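In what follows, a structure is listed as structure tokens, so that the remarks can point back to it.
The values are calculated or read from the model by the stated rules, or taken from the named source; none is laboratory data. The shown structure was predicted, so the numbers you read here are calculated from the model rather than taken from an experiment. Note that we place each Cβ from the backbone using ideal geometry, even for glycine, and neighbour counts take in every protein chain shown.
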Amino acid sequence: MRRPRQDTPAYPVRTESRAAALEAAAASQEKKGLGPIILDVRRVTLLADYFVIVGGESRQQVKAIVEAVGSRLETMGLRPRSVEGVREGRWVLMDYGDVIVHVLQERERNFYKLEQFWSQGLIVDCSEWVQDQVKGASQDSQAISGGGSGRP
């Protein structure tokens, strides 16, 4: 069994999985998703780095959120490994490997209580979503305008 190098943290942050989770949450907010939450579950499970959990008021809203998340993550070059539950529209699970997105109608969300089940995960503060999005937009505009340092 290999041991991790001493100079590397036990749970490194993969910027691409964090960025995908932030984008998924932002896309759900654009479709008026209810109470989106990002859980950092790297210390809790090997299933994924992040869970994004969001509610919808109806089957149509759940489907709209799922479509928005899928489109947003596709622009990042990500495609889901699998998507389950779209037809029923009560609980849709989108598996992107390091990020798993759960979109549930509020009745199912209140019944299954995923946030409580995964309560050992760390909640990514909503203000961090905004900071990362603003920073990303700022970097994008610098790159477009040629204001970058020229370094990779």
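Find the residue count for region 37-46, including only residues that are more than 14 Å from the chain's Cα centre (by Cα) and of a type in the set (A, V, I, L, M, F, W, C). Before you say what the answer is, go through the steps one by one.
Step one: list which residues in region 37-46 are more than 14 Å from the chain's Cα centre (by Cα), which gives 43-46.
Remaining after also requiring of a type in the set (A, V, I, L, M, F, W, C): 44, 46.
Total meeting the criteria: 2.
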The lone condition PRO36 fails out of (1) in contact with a strand residue (DSSP E or B) (Cβ under 9 Å, 6 or more places away or on another chain); (2) modelled with pLDDT under 90; (3) within 23 Å of SER127 (Cα to Cα) is (2)
So is ASP125 in contact with a helix residue (DSSP H, G or I) (Cβ under 6 Å, 6 or more places away or on another chain) and modelled with pLDDT under 95 or not? no
Only unsatisfied item for GLU23, checking (1) in contact with a helix residue (DSSP H, G or I) (Cβ under 7 Å, 6 or more places away or on another chain); (2) without any contact (Cβ under 8 Å) to a residue 40 or more places away in the chain; (3) not hydrophobic (A, V, I, L, M, F, W, C), is (2)
When region 1-33 is checked residue by residue, the ones that are modelled with pLDDT under 95, basic (Lys, Arg), surrounded by fewer than 17 Cβ atoms within 10 Å (Cβ to Cβ) and under 25 Å from TRP118 (Cα atoms) are ARG14
Of the conditions (1) touching a residue at least 40 places away in the same chain (Cβ under 8 Å); (2) acidic (Asp, Glu); (3) surrounded by fewer than 19 Cβ atoms within 10 Å (Cβ to Cβ), the single one that GLU74 does not satisfy is (1)
In region 86-109, anything farther than 20 Å from LYS32 by Cα and touching a strand residue (DSSP E or B) at 6+ places or on another chain (Cβ under 6 Å) is listed as ASP95, VAL99
If we keep only residues of region 39-59 that are at pLDDT 95 or above and of a type in the set (Val, Ile, Thr), then the residue surrounded by the fewest Cβ atoms within 10 Å (Cβ to Cβ) is ILE53
ALA68 vs (1) hydrophobic (A, V, I, L, M, F, W, C); (2) crowded, with 18+ Cβ neighbours inside 10 Å; (3) out of contact with any strand residue (DSSP E or B) (no Cβ under 8 Å at 6 or more places or on another chain); (4) modelled with pLDDT under 95: all pass except (4)
